[in-house]
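**Student:** The structure is given below, and queries will be raised subsequently.
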Amino acid sequence: MKEDASPDFENYTKTSTVYDVTRHPVGIDYMVEQLLALEKEGRLTGLDVGSGTGNHPLELKAKLPNLDLTLLEFNDGMFAQLSSKVAKNHADIKVQQGSVLNMVQFKDNSFDFVMMTQVLHHITAEGLDQDSVVTKVMTEIHRVLKPNGLILLNTSSKDQIERGIWFSVLLPLATAEVVKRTCPIANLMAILAIKFSRVNRVANFELLQTLPVDLKASKLTSHLKLTKENPTEPLSTIYQEGDSTWVLATDTEKSDAQTKLATLIKNDTIFQFFNDRQKETDTFGQTTFVTGYANK
Ligand SMILES: C[S@@+](CC[C@H](N)C(=O)[O-])C[C@H]1O[C@@H](n2cnc3c(N)ncnc32)[C@H](O)[C@@H]1O
């Protein structure tokens, strides 16, 4: 799919085959809570934009079976994975390929809610700066929402990218690139406030999977299955291909990161490093939800 959006910096056709290894439906309980409030009013029709492999909508449908969902995904590989997962789950969900920048297939006032998780930093449009892209996306989402329809966005703040994600300190250049591509939460809320009311933000949802705390190690070491016997898991190709920061890192930066980790392991300070990083994640979280209701 080449029309309607500039090429993504991440090769999602490649990423689509490994995406589900490290990613999970972040903040699903919060989303269920928001959608339950709509369901009580009989408002069940929703659009998920940039569905990826469908982790969020499939989980939401399992928890709220009455939802009437349509999924929109741009990338060929992600769309193929999404279609096959939806078919396998026999879910009553409609799947379409296309871009949020131009949703001509959907009429004005079609949906009770539109959700979009971890997509905004991937959207670019020829000749437009970041705020203009976000404004264009929000205008299109507002158009397809019914009056008082809910927008449910998940993104990350600068602090969350720089401090909440453990490997950011190992990849400062790639991290700066991700920050550059991510609309600051304050700008996003200001853009939303033009066409939406009750604009709100809630932070601290973890993007990457966390497993139960291993008493001998931090949550992160447990998540990464990082042990002295297996110190390179976070540098595995599968791990890296599912994450935008690693994708943006140059070979030199990746090799520097590997050297830094090797030194931490050699000096026996690796678990201290992960404990310190975990404290930052606990303080800042990794993602933020922003919500609002369409004024019409
Ligand atoms: C980080 S993934 C997020 C996937 C999923 N929402 C999740 O949270 O797991 C970003 C997704 O946005 C899609 N995407 C990028 N630009 C898009 C656009 N203009 N319209 C629709 N989807 C787009 C990508 O193909 C990719 O699948």
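**Student:** Only one of Gln160, Gln130 is under 22 Å from Gly292 (Cβ atoms), away from the ligand (no atom under 13 Å from the Cβ), at pLDDT below 95 and surrounded by 23 or more Cβ atoms within 10 Å (Cβ to Cβ); which?
**Tutor:** Only one candidate qualifies: Gln160.
**Student:** Ala62 passes all but one of (1) more than 9 Å from the ligand (Cβ to nearest atom); (2) in contact with a Ser or Thr (Cβ under 6 Å, 6 or more places away or on another chain); which number fails?
**Tutor:** Looking at each condition in turn, Ala62 falls short on (2).
**Student:** If I ask for residues that are over 27 Å from Ala37 (Cα atoms) and either outside the structural domain of Ser110 (by TED's automatic domain parsing) or hydroxyl-bearing (Ser, Thr, Tyr) (or both), which ones from the stretch 51-89 would you list?
**Tutor:** Result: Ser83, Ser84.
**Student:** May I pose another question? Working only within the stretch 47-80, note down all residues that are among the small types (Gly, Ala, Ser), on the phi < 0 side of the Ramachandran plot and crowded, with 24+ Cβ neighbours inside 10 Å.
**Tutor:** The answer is Ser51, and nothing else.
The values are calculated or read from the model by the stated rules, or taken from the named source; none is laboratory data. Bear in mind the structure is a predicted one, so any value in this text is a computation, not a measurement. As a convention, Cβ positions derive from the backbone with ideal geometry for all residues, glycine included, and neighbour counts pool all protein chains shown.
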